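**Q** First, the structure itself, so that you have it in front of you.
The values are calculated or read from the model by the stated rules, or taken from the named source; none is laboratory data. This one's a predicted model, so the numbers in the text were calculated from it and none came from an experiment. Note that we place each Cβ from the backbone using ideal geometry, even for glycine, and neighbour counts take in every protein chain shown.
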Amino acid sequence: MTVHPDVKEILLDEKTIARRVAELGAQISKDYAGKSLTALVVLKGSFVFAADLLRAIDVQTKVEFIGLRSYGSRTSTSGVVEITMDVKYPLNGHDVLIIEDIVDTGLTLDYLKNNLATRKPASIKLASLLHKPERGVKDMSIDYLGFTVPNEFVIGYGLDFDGRYRNLPYVGIMKTP
Ligand code: 5GP
């Protein structure tokens, strides 16, 4: 595999990701057996993970999208979050599974969970591809976690820097300029 010149190190290659995503899909299918699920895909970073995870889930599923932007420095959030695109349909009574790319400080998800709670879903669970446990300032419970990663800025498989690198098929640590 050719490594992008801006990537210092590949953390998770395509096969490793695919294997774990299949496991998560199987677990989610088991846990939601007999129910119908509303997947809430958090744009933009989780679109690649969501596309793979959703195809590994075999319960009845609706897919909704929400766009969030968290302000801060270029590689870290301040916790100030804006909804750039809201869900188009009511979520009351739905079993909602949030699909996120990465939980870093947890501030973005904390905001989202509080916001969703006001819409009275039947349940809210969280699937996140990545978690940086060293950084967690909030005690977030991730129901379905792909991988823990070190406290480095990662790109690829949906995750960007300045809008770029989302199309890399692996997750890698970005070189510091
Ligand atoms: P939070 O700190 O609120 O948990 O994370 C906020 C958002 O910052 C994440 O949803 C993600 O979009 C972005 N983020 C956090 N860490 C990284 C990282 O290492 N790489 C990339 N590309 N985005 C990150």
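For every residue, the table says whether it meets (1) part of a strand (DSSP E or B); (2) touching a Ser or Thr at 6+ places or on another chain (Cβ under 9 Å).
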{"position": "26", "(1), (2)": "no, no"}
{"position": "42", "(1), (2)": "yes, yes"}
{"position": "49", "(1), (2)": "no, yes"}
{"position": "61", "(1), (2)": "yes, yes"}
{"position": "65", "(1), (2)": "yes, no"}
{"position": "68", "(1), (2)": "yes, yes"}
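**Q** With the requirement that a residue be buried (at least 16 other Cβ atoms within 10 Å of the Cβ) and of a type outside the set (A, V, I, L, M), what does the range 32-46 give you?
**A** 32, 38, 44, 45, 46, listed by residue number.
**Q** Okay, moving on. Do the conditions hold for residue 83, that is, is it β-branched (Val, Ile, Thr), farther than 21 Å from residue 145 by Cα and either touching a strand residue (DSSP E or B) at 6+ places or on another chain (Cβ under 9 Å) or in contact (Cβ under 8 Å) with a residue 12 or more places away in the chain (or both)?
**A** The answer is yes for residue 83.
**Q** Can residue 154 be described as farther than 15 Å from residue 24 by Cβ, within 10 Å of the ligand (Cβ to nearest atom) and modelled with pLDDT under 95?
**A** For residue 154, the condition - farther than 15 Å from residue 24 by Cβ, within 10 Å of the ligand (Cβ to nearest atom) and modelled with pLDDT under 95 - is not met.
**Q** Could you go through the range 6-22 and let me know if any residue there is farther than 23 Å from residue 160 by Cβ and either touching a residue at least 60 places away in the same chain (Cβ under 8 Å) or part of a helix (DSSP H, G or I) (or both).
**A** yes
**Q** Just to be sure before I move on: is residue 101 within 13 Å of the chain's Cα centre (by Cα), within 20 Å of residue 63 (Cα to Cα) and within 8 Å of the ligand (Cβ to nearest atom) in the structure I sent?
**A** Yes, satisfied.
**Q** Regarding residue 61, is this residue more than 13 Å from the ligand (Cβ to nearest atom), under 16 Å from the mean Cα position of the chain (by Cα) and hydroxyl-bearing (Ser, Thr, Tyr)?
**A** no
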